[in-house]
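Since the structure comes first, as structure tokens, the remarks are kept for the end.
The values are calculated or read from the model by the stated rules, or taken from the named source; none is laboratory data. Just so you know, these numbers come straight off a predicted model, no measurement behind them. A quick note on method: Cβ atoms are made from the backbone with ideal geometry, for glycine too, and the neighbour counts reach across all protein chains shown.
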Amino acid sequence: MIKILIVEDQTMLRQSLDNLLNAQDDIEVIGGTDDASKAPELCKKLKPDIILMDVMTKNDSNGIRYTAEIRKEFPEIKVVIMTGLPEITFADEARKAGAHSFIYKDMDNEHLLYVIRRTIKGMNIYSGSDECQPFANRFTEREIKIIRMICQGIKRDSIAKKLEISESLVKHQITSILDKSGFDTIGEFAIYAVSKGLIVPNL
């Protein structure tokens, strides 16, 4: 029996997952929480085989951050990161945190069950977002940092100070971002990126 802990702050979705998974002969939901910061303690108490971990949870708790903590303290527990946002950096950050698999919430039930069962058997499955990937593959790590700060409303001189680079280099990087994205102004691109969920400004 596969014992699952669900970390999801949307009550209806958590209940739907609970119903779907408990209806399977080989899966049992042993607990759930709406706050990723509570997951490490629940791992100690419940000892799940696998966690379905949302990225953005209650109290602004970041599921990817707590995945890294769980993987360090409980290396035997598998973690599947899930999100409803096609944020540019989520998949890479999930890999760095040690997540075994990464999925989007719009997948169908059969694929979710497939990912859970394959992850338990040692496979790593990273589902892609058709909208996100063209952007994710196009920008450098520094450019993504600049995009995120612009989406936060940070001015160029402050960006330069935070990244410890010259303001002229920031300007050059912004020109590169516009060339790659096809937008005329960085403001327009920032609005688009946030509205589409490609950038979560305060991540």
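Taking each residue of the range 1-12 that is in the same structural domain as V80 (by TED's automatic domain parsing) and looking for partners that are surrounded by 15 or more Cβ atoms within 10 Å (Cβ to Cβ) and polar (S, T, N, Q) with beta-carbon atoms closer than 6 Å, six or more apart or interchain, yields V7/T33; D9/T57. Condition check: among the polar types (S, T, N, Q), at pLDDT 95 or above and out of contact with any Gly (no Cβ under 6 Å at 6 or more places or on another chain). Does S37 satisfy that? Yes, satisfied. Evaluation of D157 against the conditions (1) in the same structural domain as L46 (by TED's automatic domain parsing); (2) touching a helix residue (DSSP H, G or I) at 6+ places or on another chain (Cβ under 6 Å); (3) farther than 24 Å from S37 by Cβ shows that the sole unmet condition is (1).
Say we look at the range 87-114 and pick out the residues that are within 21 Å of M12 (Cβ to Cβ) and either among the β-branched types (V, I, T) or touching a Pro at 6+ places or on another chain (Cβ under 8 Å) (or both); which of these is surrounded by the fewest Cβ atoms within 10 Å (Cβ to Cβ)? Top of the filtered list is Y104.
Provide a single number: the residues in the range 24-61 that are part of a loop (DSSP other than H, G, I, E, B) and aliphatic (A, V, I, L, M). Residues flagged as part of a loop (DSSP other than H, G, I, E, B) and aliphatic (A, V, I, L, M) within the range 24-61 amount to 1.
May I ask you to verify whether A68 is assigned by TED's automatic domain parsing to the domain that holds D108, at pLDDT 95 or above and within 19 Å of the chain's Cα centre (by Cα)? Lay out the reasoning, then the answer.
Values: assigned by TED's automatic domain parsing to the domain that holds D108: yes; at pLDDT 95 or above: yes; within 19 Å of the chain's Cα centre (by Cα): yes.
The answer is yes for A68.
Checked against the criterion of being within 19 Å of the chain's Cα centre (by Cα), more than 28 Å from I2 (Cβ to Cβ) and surrounded by fewer than 14 Cβ atoms within 10 Å (Cβ to Cβ), the range 121-132 has at least one qualifying residue.
With the condition kept exactly as written, say whether any residue in the range 5-23 is assigned to a loop (DSSP other than H, G, I, E, B), buried (at least 16 other Cβ atoms within 10 Å of the Cβ) and more than 19 Å from the chain's Cα centre (by Cα). No, because not a single residue in the range 5-23 is assigned to a loop (DSSP other than H, G, I, E, B), buried (at least 16 other Cβ atoms within 10 Å of the Cβ) and more than 19 Å from the chain's Cα centre (by Cα). Among the criteria (1) more than 16 Å from V115 (Cβ to Cβ); (2) modelled with pLDDT of 95 or more; (3) among the acidic types (D, E), the one D9 does not fulfil is (2). Could you check how many residues of the range 84-113 are assigned to a helix (DSSP H, G or I) and either farther than 30 Å from I147 by Cα or not assigned by TED's automatic domain parsing to the domain that holds D9 (or both)? The number of residues fulfilling the criteria is 5. Pairs are defined by a Cβ separation below 9 Å, a sequence spacing of at least 6 or placement on different chains, a first member in the range 114-127 that is not assigned by TED's automatic domain parsing to the domain that holds K96, and a second member that is in a helix (DSSP H, G or I) and among the hydroxyl-bearing types (S, T, Y); the pairs so defined are I125/Y114; I125/T119. Annotation for the range 40-49: at least one member residue is surrounded by 20 or more Cβ atoms within 10 Å (Cβ to Cβ) and in contact (Cβ under 8 Å) with a residue 40 or more places away in the chain.
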